[in-house]
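Notes to accompany the following structure.
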Amino acid sequence: MTNELNTYTMQDLYKQPLEAVEYLVDGLLAPGLYILGGSPKVGKSWMALQLCLAVCGGKGFLGRKTKQCEVLYLALEDGPQRLHSRALPPEQLRLTLVVNALKKLLAEGEFRGTATELASRLETQGSYWSPAILSKYLQSHDDALSKFGILLETKRTNSKRLLCLRYEAQAGDACDTSDGSDGCDRYSYTGGMPSLPSQPSPVSRSSLAS
């Protein structure tokens with residue numbers, strides 16, 4: 001072991017053949033240690049998962065090219081149910097978030113009001129929409145929403161357009177909260193995603209005897 005300090009001049013450095021940096025995400029992420037920091041609930045874990053999915057699929061991330069390779073994602077706070085929902089292509093994810101937010105809202109009863117009032121109610125749950133975009137999105141996805149028990153009607157009065165929403169619970173659309181997820185409750189939608197095979201029911205002695 002030596003304590004000798006290796007030094008070199010800039011001229012020596014310029015003469016050395018150096019390999020170009022090999023980016024995983026072009027111009028953004030190269031091999032090394034990174035820390036992704038930010039305020040709570042701003043989407044850090046969502047961003048990390050989307051980054052991993054983009055790299056392992058060789059797809060673009062934040063408008064940048066990626067180098068396809070294997071990824072090890074250590075989801076120490078997430079269970080399988082939560083990972084399923086977070087791994088959805090963006091349109092399906094957006095629909096899932098809307099369904100979850102509306103189910104939670106409509107658990108308190110039917111909603112009848114303007115798009116501005118609905119957007120304000122959803123904002124208290126952390127779901128942010130402009131009233132115009134929200135109204136257009138709901139009306140263009142009314143068939144998809146109805147498959148999950150969320151029924152939409154629009155009515156116009158002399159001065160404004162009203163959105164009328166109600167929720168009819170369906171069997172099997174409750175969410176498993178055994179992973180301690182903070183974003184999933186009994187009104188959360190996880191339909192349309194692959195699930196683990198169910199375990200066979202235990203057979204009683206009496207049924208065997210018969």
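The values are calculated or read from the model by the stated rules, or taken from the named source; none is laboratory data. In this text the structure is predicted, and so the values were computed from the model without any measurement. Every residue, glycine as well, gets a Cβ built from its backbone with ideal geometry; the counts of neighbours run over all protein chains shown. When the accessible area is computed, the model is the full protein with side chains, heavy atoms only, and any ligands, DNA or RNA have been set aside. Shrake-Rupley method; radii C 1.70, N 1.55, O 1.52, S 1.80 Å.
Given the criteria among the small types (Gly, Ala, Ser) and more than 20 Å from residue 122 (Cα to Cα), does residue 87 qualify? Taking the combined requirement at face value, the residue satisfies it. In the set 132, 107, only one residue is more than 20 Å from the chain's Cα centre (by Cα) and touching a residue at least 60 places away in the same chain (Cβ under 8 Å); that residue is 107. Of the strands (runs of 3 or more DSSP E) lying entirely inside the stretch 84-169, those containing at least 3 residues that are crowded, with 16+ Cβ neighbours inside 10 Å span 161-167.
Looking at the structure I just gave you, is residue 146 of a type in the set (Ser, Thr, Tyr), touching a strand residue (DSSP E or B) at 6+ places or on another chain (Cβ under 9 Å) and modelled with pLDDT under 95? So that I can check it myself, show each step before the final result.
On the way: of a type in the set (Ser, Thr, Tyr): yes; touching a strand residue (DSSP E or B) at 6+ places or on another chain (Cβ under 9 Å): yes; modelled with pLDDT under 95: yes.
So residue 146 passes the test.
Criterion applied to 54, 101, 20 was being touching a Leu at 6+ places or on another chain (Cβ under 9 Å) and farther than 30 Å from residue 164 by Cβ, and the one residue passing it is 54. Only one residue in 127, 135, 85 is at pLDDT 90 or above and closer than 30 Å to residue 154 by Cα, so which one is that? Step by step, each of 127, 135, 85 is checked, and only 135 is at pLDDT 90 or above and closer than 30 Å to residue 154 by Cα. Restrict the check to the stretch 58-72 and report whether at least one residue is in contact with a Gly (Cβ under 8 Å, 6 or more places away or on another chain) and either closer than 22 Å to residue 126 by Cβ or assigned to a strand (DSSP E or B) (or both). Among the residues of the stretch 58-72, at least one is in contact with a Gly (Cβ under 8 Å, 6 or more places away or on another chain) and either closer than 22 Å to residue 126 by Cβ or assigned to a strand (DSSP E or B) (or both), which makes the answer yes.
Looking only at the stretch 58-89, how many residues end up being without any contact (Cβ under 8 Å) to a residue 40 or more places away in the chain and more than 17 Å from the chain's Cα centre (by Cα)? Final tally of qualifying residues: 9. Of all residues in the stretch 108-124, exactly one satisfies the criterion of being at pLDDT below 90 and either aromatic (Phe, Trp, Tyr) or more than 21 Å from residue 41 (Cβ to Cβ) (or both), namely 108. If I filter the stretch 45-53 for residues that are part of a helix (DSSP H, G or I), modelled with pLDDT under 85 and not hydrophobic (A, V, I, L, M, F, W, C), do I get at least one hit? Yes, the conditions are met somewhere in the stretch 45-53.
Being open to solvent by 80 Å² or more (accessible area, probe 1.4 Å) and under 25 Å from the mean Cα position of the chain (by Cα) is the filter here, so list the residues in the stretch 1-27 that pass it. Lay out the reasoning, then the answer.
So in the stretch 1-27, the residues open to solvent by 80 Å² or more (accessible area, probe 1.4 Å) come out as 1-8, 10-11, 14-23, 26.
The one that is open to solvent by 80 Å² or more (accessible area, probe 1.4 Å) and under 25 Å from the mean Cα position of the chain (by Cα): 26.
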